[in-house]
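Novice: Here's a structure for you.
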Amino acid sequence: MRCIFLGPPGAGKGTQAAILAAEWQVPHISTGDMFRVMATAETPLAQEIRGYQSRGELVPDHLTIQVVRQRLEQGDVHKGWILDGFPRTVPQADALDNLLSDLGQAGDWVVYFELPEDILKARLLGRGRPDDTPEVIETRLQVYQSQTAPLIDFYNHQGKLVKVQADAPVEIVTAHLRALTPA
């Protein structure tokens with residue numbers, strides 16, 4: 001199973017990806033987690049990534065695509081994967097389609113996690129991450145609306161998009177995802 005989890009920050013993508021990746025025995029590939037680990041290094045790239053994160057901005061496409069390519073070329077993806085946090089823009093989605101074609105790993109489906117903005121903000125503030133300040137959260141939600149939300153139409157036109165109401169308890173969202181999963 002190869003799928004993309006799409007939705008705003010705080011929608012529960014990472015939580016659901018971790019649960020289903022364990023069930024399906026596929027890697028949960030989170031660009032956010034990869035960038036957070038990379039940002040702890042003392043390298044020019046790490047410093048650049050930290051700058052984007054501290055401002056609530058997206059890491060540029062060329063860096064993100066490079067990191068995702070390296071991850072999808074690893075041997076543990078043969079049974080599938082769950083991408084969490086990528087793509088975040090239509091150009092990234094186009095690049096991902098090309099990358100997956102090159103690697104012979106076509107994506108099966110895209111899940112869009114829907115929930116109200118007030119719940120998103122409460123969840124983000126409750127996570128306790130250092131980059132989850134009210135100002136950064138507001139910026140991240142604005143960036144999401146302008147750059148990531150257009151992916152809903154992009155994947156809907158491909159016939160791969162399924163939607164799930166993500167404001168329910170974790171176990172309910174998981175049950176909905178299991179029911180939506182193409183067998």
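Quick note: the coordinates plus some simple rules give every number you see, no bench work behind them. The structure presented is a predicted model; accordingly, all values stated were derived computationally and were not measured. For neighbour counting, all protein chains shown are included, and Cβ atoms are generated from backbone atoms with ideal geometry for every residue, glycine included.
Novice: Place the peptides 125-134, 160-169 in order of packing, highest mean first, counting for every residue the other Cβ atoms within 10 Å and averaging per peptide. It would help to have the intermediate numbers written out before the result.
Specialist: Numbers: 125-134: 12.6, 160-169: 16.9.
Ranking, from highest mean packing down: 160-169, 125-134.
Novice: Translational D (Stokes-Einstein, µm²/s) of segment 2-180 at 10 °C and 1.306 mPa s when Rh comes from the Kirkwood sum over C-alpha pairs? Present the calculation step by step, with values, prior to reporting the outcome.
Specialist: Values: Rh = 16.6 Å.
This corresponds to a translational diffusion coefficient of 95 µm²/s.
Novice: Okay, helix-only estimate at 222 nm for the chain: each DSSP H run of n ≥ 4 adds -39500 (n - 2.57), divide by all residues, round to 500 deg cm²/dmol; what do you get? Don't jump to the answer; show the numbers that get you there.
Specialist: Working: 9 runs with 97 residues, N = 183.
Rounded to the nearest 500, the figure is -16000 deg cm²/dmol.
Novice: Could I ask something else about it? Please list the non-local residues whose amide H lies under 5 Å from the amide H of residue 162, H modeled 1.01 Å from N, same-chain partners needing a gap of 5 or more.
Specialist: Placed amide hydrogens put 110, 111, 112 under 5 Å from residue 162.
Novice: If the chain between residue 33 and residue 98 were fully stretched, how many nm would it gain, using 0.36 nm times the residue separation less the Cα-Cα distance? Could you put the intermediate results ahead of the total?
Specialist: Numbers: separation 65, 0.36 × 65 = 23.40 nm, distance 2.33 nm.
Stretched out fully, the residue 33 to residue 98 stretch lengthens by 21.1 nm.
Novice: I'd like the trypsin sites (Lys or Arg not before Pro) in segment 1-91 restricted to DSSP loop residues with at most 14 other Cβ atoms within 10 Å, sorted by number.
Specialist: Working: sites: 2, 13, 36, 50, 55, 69, 71, 79, 88; in loops: 79, 88.
Those satisfying the criteria are 79.
Novice: If Rh is defined by the Kirkwood formula over all Cα pairs and Rg also comes from Cα, what ratio Rg/Rh do you get for segment 105-183? Present the calculation step by step, with values, prior to reporting the outcome.
Specialist: Working: Rg = 14.5 Å, Rh = 14.3 Å.
Dividing the radius of gyration by the Kirkwood radius yields 1.02.
Novice: For labels at residue 76 and residue 175 in the simple 7 Å Cα→Cβ model, what's the distance in nm?
Specialist: 3.1 nm
Novice: Identify all lysines with a Cα-Cα distance to residue 79 below 30 Å; exclude those on the same chain that are fewer than 8 residues away in sequence.
Specialist: 13, 160, 163
Novice: Considering Cα pairs under 8 angstrom that are at least six residues apart, work out the relative contact order of the chain and quote it in whole percent. Spell out each step's value before the answer.
Specialist: Details: 232 pairs, mean separation 64.7, N = 183.
Once divided by the residue count of the chain, the mean separation gives 35 percent.
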